[in-house]
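First up is the structure itself, then whatever we jot down about it.
Computed from the coordinates by the stated procedures, all read-outs in this text should not be read as laboratory data. Keep in mind that what you see is a predicted model, and the values were worked out from it rather than measured. A quick note on method: Cβ atoms are made from the backbone with ideal geometry, for glycine too, and the neighbour counts reach across all protein chains shown.
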Amino acid sequence: MSADFQSSLFGADQVGVGPLAGRVRRTPLAHGAWIDVLPGWVEGADEVFAELVGAVPWRAERRQMYDQVVDVPRLVHTYGVGEPLPHPALVQAREQLSAHYADELGEPFVTAGCCYYRDGDDSVAWHGDNLGRGRTTDTMVAIVSLGSPRRLCLRPRGGHTEVTHALGHGDLVVMGGSCQRTWEHAVPKTSRAVGPRISVQFRPRNVF
């Protein structure tokens with residue numbers, strides 16, 4: 001599988017992640033939720049993106065929607081607990097996230113869900129990652145964004161969009177506190193010409 005996208009103008013000589021301490025910016029949200037954001041956390045992000053396009057065993061899914069089965073508008077793959085990740089930068093990212101948030105989260109990030117947004121027609125609807133423990137307890141979901149920027153929108157559950165970030169080229173966003181049960185997030189479709197993007201979501205055990 002190949003992909004064409006506009007690379008960042010600010011390339012990196014090395015591939016990996018930088019430090020988190022003192023660099024992430026936290027924004028408190030309503031109802032005990034918060035988000036941390038760190039632009040350009042992954043160094044050499046465009047190289048990582050290009051390798052993941054070919055290394056991840058992407059699959060198309062279909063889902064029941066009311067009275068019909070429809071295509072999920074993105075390609076997906078999930079690396080479960082104990083499964084090897086497809087790139088050393090993702091291993092390093094998960095280790096650093098687990099170490100940095102250890103005191104708040106109290107457990108490591110152990111899974112990595114991958115989504116491949118091929119163009120502006122691919123999207124994810126409003127939702128919270130609350131099918132597991134996120135329905136009843138505070139938790140965290142850390143998203144690493146690679147490739148072309150796409151809008152990540154957040155809103156209080158059932159409300160209007162209040163926060164929007166254009167994530168791409170190695171940006172990091174961490175949704176924490178009550179965010180998964182009191183807020184929703186989405187990557188909306190767009191009619192603008194946009195390149196492909198890969199989102200990697202690191203989660204603790206039984207959060208999905």
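In table form, for the structure just shown:
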read-out	value
Under-5 Å amide H pairs with Ala33, H placed in peptide plane, nonlocal only	Ser178
Reference-scaled alpha-carbon Rg (2.2 N^0.38 Å with N residues) for the chain	0.97
Phi-based couplings in Hz for segment 157-172 (Karplus 6.51, -1.76, 1.60; Gly and Pro marked x)	3, x, x, 9, 4, 10, 9, 9, 10, 8, 9, x, 6, x, 6, 10
Cβ-Cβ FRET estimate between His127 and Ala21, R0 fixed at 22 Å, reported to 0.05	0.10
Distance (nanometres) between label positions extended 7 Å along Cα→Cβ at Thr161 and Ala102	3.9
Farthest positive-ward along the chain dipole, Cα basis, beta-carbon charges - from Pro84, Leu131, Ala55	Leu131
³J(HN,Hα) computed for each position of segment 175-181 - Karplus, 6.51 cos²θ - 1.76 cosθ + 1.60, integer Hz, glycine/proline x	9, x, x, 8, 3, 6, 10
Extent along principal axes [Cα atoms of segment 98-153; Å; largest to smallest]	37, 24, 18
Computed lengthening from Glu61 to Thr137, 0.36 nm per intervening residue step minus Cα-Cα distance	24.5 nm
Centroid-to-centroid separation of segment 24-82 and segment 104-170 [C-alpha atoms, Å]	7
